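The structure appears below as structure tokens.
The values are calculated or read from the model by the stated rules, or taken from the named source; none is laboratory data. Because the structure is predicted, anything quoted here is derived from the model rather than measured. Cβ coordinates were reconstructed from backbone atoms using ideal geometry, including for glycine residues, and neighbour counts include every protein chain displayed.
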Amino acid sequence: MTTATIKFESLDALRGIAAIVVAIFHFSTGWGGYLIVDFFLVLSGFILSHSYLYKEMPTSPIEFISHRLARLYPLHFFTLFTFIIASLYIHTAFPQYADGTLFTLLQNLTLTQNIGFNPSGVTYNYPSWSISVEFWVNIIFILFVSKTTKSSTLFIIALIGLLIIYGNTGHLETQAKNYFTFINSGMIRGVSSFFLGILSYRMYLYYRHDRRIQKHINCLELLSMTGIFIVIFGRSDPLSSVDMFAPFLFMFVVAIFTFESGYLSTYLKKIKYLGEISYSIYLNQVTVLMLIRPVLKSFEMPSMLILAAYLVFLVIYSHFTYQYIEKPLRKKGRHMLLRISQKAAPSHDGAAP
């Protein structure tokens, strides 16, 4: 079986559950739900290592970047537009931001909204800050990481990045702050967690045939999920230094659930579709919450019922944006960018004189 044919369905399901957790966090803050972004970044490092770094046929940087743009940009653009429309409808005014409304809009249109240009905070459709980070971390990945890159190098870079955040902020609820005037905290989070995701994939490659892991897989799955629960919910303060352990924990969790032979992972595979629409859930959440929360509150519904209704509507709406916006535009975007890159590539026909 080639790497291209291996599907990690339990990881898809975990990604879907994680997107729901982020949506709940934005409904009711005050706990560690923001750490899910680091889980997404670890998972991204794992999946892209599987799909590109360890692919049988190498992928050129141009092809890789075109694939990532086609994956990330269409839905990002769509949800940016719907966020602006929702803001105009609710507030009867264009969103205003400290670093300049037009300036931050241009950044969002170029996926540069979270690489250090606007240290005053997140802007339009604010969960998309991590999409900006992921795109530029992906470019670092394809240009500077290879199969021969030492695992110790990746680990040290990740550790130094998290120590910088710890020393300057003390927790991982940071994305727009610039350290030393030019190093963006969100980018540091992105590089650190993504590199740990690469290490997670290497752990999977090393242990995938280890019978000792298979023998204790149920215990390992349960322990890993318990660890996540403790890190996210078991805190006396909404912002905690325990955050620094989260990316390392996520690295092990992702590797463990790739075996897909435990009770938890077997059950999770049944809801893998939630993972397929997770990107839509993630980028739709704020706009849906902006629109639905005032309406539901007007009926004087309990908070838990409002949350349940919000999540149901979010999942249904995300199903449609996935089927009719994200999925078809991703496919068309790949074809379009592939044609552009092929035309831009220099011709090698004929011999040089």
Check your understanding: Any idea which of Ser303, Ser224, Ser261, Ser241 is farther than 26 Å from Ser49 by Cα and either out of contact with any Ser or Thr (no Cβ under 9 Å at 6 or more places or on another chain) or among the hydrophobic types (A, V, I, L, M, F, W, C) (or both)?
Key -> Ser241
Exercise for review: Look at Glu300 and say whether it is among the charged types (D, E, K, R) and either buried (at least 16 other Cβ atoms within 10 Å of the Cβ) or under 24 Å from Trp31 (Cα atoms) (or both).
Suggested key: no
Point to revise | Subset of the range 74-107 (residues that are modelled with pLDDT of 95 or more and of a type in the set (S, T, N, Q)) | key: Thr79, Thr82
Review point. Quick check: anything in the range 2-24 of a type outside the set (Ser, Thr, Tyr), buried (at least 18 other Cβ atoms within 10 Å of the Cβ) and not in a helix (DSSP H, G or I)?
Key: yes
Check your understanding: With (1) at pLDDT 90 or above; (2) crowded, with 16+ Cβ neighbours inside 10 Å; (3) of a type outside the set (Lys, Arg) as the list, and Gly333 as the residue in question, which single condition is left unmet?
Key -> (1)
Review point. Quick check: is even one residue across the range 254-271 surrounded by 15 or more Cβ atoms within 10 Å (Cβ to Cβ), of a type outside the set (Asp, Glu), over 19 Å from Arg15 (Cα atoms) and under 20 Å from the mean Cα position of the chain (by Cα)?
Key: no
Check your understanding: Which one of Thr123, Thr148, Thr104 is crowded, with 16+ Cβ neighbours inside 10 Å and either touching a residue at least 40 places away in the same chain (Cβ under 8 Å) or assigned to a loop (DSSP other than H, G, I, E, B) (or both)?
Key -> Thr123
Review point. Residues that are free of Cβ contacts under 8 Å to residues at least 12 places away in the same chain and on the phi < 0 side of the Ramachandran plot: which helices (runs of 4 or more DSSP H) entirely in the range 247-335 hold 3 or more of them?
Key: 278-298, 303-321
**Study point:** Residues that are over 19 Å from Leu338 (Cα atoms), of a type outside the set (A, V, I, L, M, F, W, C) and in a helix (DSSP H, G or I), drawn from the range 43-83
**Key:** Ser44, Gly45, Ser49, His50, His76, Thr79, Thr82
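Per-residue answers, yes or no, for (1) over 18 Å from the mean Cα position of the chain (by Cα); (2) not small (Gly, Ala, Ser):
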residue: His76; (1), (2): no, yes
residue: Ile84; (1), (2): yes, yes
residue: Tyr89; (1), (2): yes, yes
residue: Ala93; (1), (2): yes, no
residue: Tyr97; (1), (2): yes, yes
Check your understanding: Where in the range 154-242 are the helices (runs of 4 or more DSSP H), entirely inside, with at least 2 residues that are crowded, with 18+ Cβ neighbours inside 10 Å, hydrophobic (A, V, I, L, M, F, W, C) and modelled with pLDDT of 90 or more?
Key -> 185-207, 217-233
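Do the conditions hold for Ser87, that is, is it assigned to a helix (DSSP H, G or I), among the polar types (S, T, N, Q) and over 24 Å from Gly333 (Cβ atoms)? Before you say what the answer is, go through the steps one by one.
Values: assigned to a helix (DSSP H, G or I): yes; among the polar types (S, T, N, Q): yes; over 24 Å from Gly333 (Cβ atoms): yes.
So Ser87 fits the description; yes.
Looking for whichever is under 18 Å from the mean Cα position of the chain (by Cα), more than 18 Å from Arg208 (Cβ to Cβ) and in contact (Cβ under 8 Å) with a residue 40 or more places away in the chain here; the options are Ser10, Ser49, Ser44. Which one fits?
Sole residue among the options that is under 18 Å from the mean Cα position of the chain (by Cα), more than 18 Å from Arg208 (Cβ to Cβ) and in contact (Cβ under 8 Å) with a residue 40 or more places away in the chain: Ser44.
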